[in-house]
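Following: one structure in structure tokens, then a few remarks.
The values are calculated or read from the model by the stated rules, or taken from the named source; none is laboratory data. Predicted, not measured: the structure shown is a model, and the values here were computed from it. Neighbour counts are summed over all protein chains in view; Cβ atoms, including those assigned to glycine, are modelled from backbone coordinates with ideal geometry. Heads up: the accessible areas ignore ligands, DNA and RNA and are worked out on the full protein's heavy atoms, side chains in. Shrake-Rupley method; radii C 1.70, N 1.55, O 1.52, S 1.80 Å.
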Amino acid sequence: AAPARTIVVDLPETGQAAVSLGLRGVARSDPDYFPLLVANNVLGGGYSARLNMEIRIRRGLSYGAGSSLQARAAPGPIIASAQTRNDAAVQVYELMAVEVERIGDVVTPEAELTARKAVLIGNFGRTIETTAGLAGQISTLALYGLPPERLGTYVSDVSAVTPQQALAAAARFYDPARADVVVVGDA
């Protein structure tokens, strides 16, 4: 694996800085996909997820912080990101790094995991409620070499993830020392 990089792009007179932290994730067919999907949702999958809670709600450093997991036929990226004031970019990066490390070091409490699973399941339900959404999900499974029957097990696959499985998957992938960091703003 290539060594982690930090890239700073100086855009003078830019009103805000964009901070992104990227890691190599999993392929969609990886056995750790669902545990990692749940762990990522705890980390940054919405308003009440940890990144937004720490960076926006507790500290007021951004209008929103989150993370995404893009699983593909080959491992896709995990990206944590936030927009912030230029002078807060380093602090936002440090907060991201702490949360990324924590998701792989400390077991997520069952109640927090259950709440984040409910978000995933609810989002999935909205995705497949239209014929276009359903067709898109089936074609995605086909693209990644997975049988269409996997669509019917999504809810149980997410529900079955234990705190220990989420921790083990996150410990495997979430390491801020291996992350590429990109900051774009007025240096």
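Scanning segment 160-187 for residues that are among the small types (G, A, S) and open to solvent by 40 Å² or more (accessible area, probe 1.4 Å), which turns out modelled with the lowest pLDDT?
Filtering segment 160-187 down to residues among the small types (G, A, S) leaves 160, 166, 168-171, 177, 179, 185, 187.
Those still in the list that are open to solvent by 40 Å² or more (accessible area, probe 1.4 Å) too: 160, 168, 171, 177, 187.
Working: A160: 98, A168: 97, A171: 97, A177: 92, A187: 83.
The qualifying residue modelled with the lowest pLDDT is A187.
Kindly evaluate L151 against the criterion of being assigned to a helix (DSSP H, G or I) and at negative phi. Give the steps one after another, and end with the answer.
Details: assigned to a helix (DSSP H, G or I): yes; at negative phi: yes.
Answer is yes for this residue.
For segment 31-76, which residues satisfy the criterion of being β-branched (V, I, T) and over 22 Å from L151 (Cα atoms)?
As a first pass, look at segment 31-76 and keep what is β-branched (V, I, T): 38, 42, 55, 57.
Those that are β-branched (V, I, T) and over 22 Å from L151 (Cα atoms): V42, I55, I57.
Can you work out which of the residues in segment 89-107 that are open to solvent by 80 Å² or more (accessible area, probe 1.4 Å) and among the β-branched types (V, I, T) is nearest to the chain's Cα centre (by Cα)?
Within segment 89-107, the first condition is being open to solvent by 80 Å² or more (accessible area, probe 1.4 Å), and the residues that meet it are 90, 94, 98, 101-102, 105.
Keeping just the survivors that are among the β-branched types (V, I, T) gives 90, 98.
Details: V90: 20, V98: 14 Å.
Per the stated criteria, the residue is V98.
Taking segment 135-148 on its own, how many of its residues are open to solvent by 50 Å² or more (accessible area, probe 1.4 Å) and either touching a strand residue (DSSP E or B) at 6+ places or on another chain (Cβ under 8 Å) or assigned to a helix (DSSP H, G or I) (or both)? Walk me through it before giving the result.
Initial filter on segment 135-148 (open to solvent by 50 Å² or more (accessible area, probe 1.4 Å)): 135, 137-140, 142-145, 147-148.
In the following step, the residues that additionally are either touching a strand residue (DSSP E or B) at 6+ places or on another chain (Cβ under 8 Å) or assigned to a helix (DSSP H, G or I) (or both) were identified as 135, 137-140, 142-144, 148.
Here the count works out to 9.
Can you list residue pairs whose Cβ atoms sit under 6 Å apart, with the first residue in segment 143-169 being small (G, A, S) and the second being modelled with pLDDT of 90 or more? Count only pairs 6 or more apart in sequence or on different chains.
A166/P35; A166/V38; A166/A39; A166/T108; A169/D32; A169/P35; A169/L36; A169/A39
Quick check on segment 108-131: of everything there that is closer than 26 Å to P176 by Cβ and outside any helix (DSSP H, G or I), which residue is nearest to the chain's Cα centre (by Cα)?
Filtering segment 108-131 for residues that are closer than 26 Å to P176 by Cβ and outside any helix (DSSP H, G or I), the one nearest to the chain's Cα centre (by Cα) comes out as T108.
Hand me the list of strands (runs of 3 or more DSSP E) wholly inside segment 1-79 holding 2 or more residues that are hydrophobic (A, V, I, L, M, F, W, C) and open to solvent by 50 Å² or more (accessible area, probe 1.4 Å). So that I can check it myself, show each step before the final result.
On the way: elements: 6-10, 17-24, 65-69.
Answer list for segment 1-79: 6-10.
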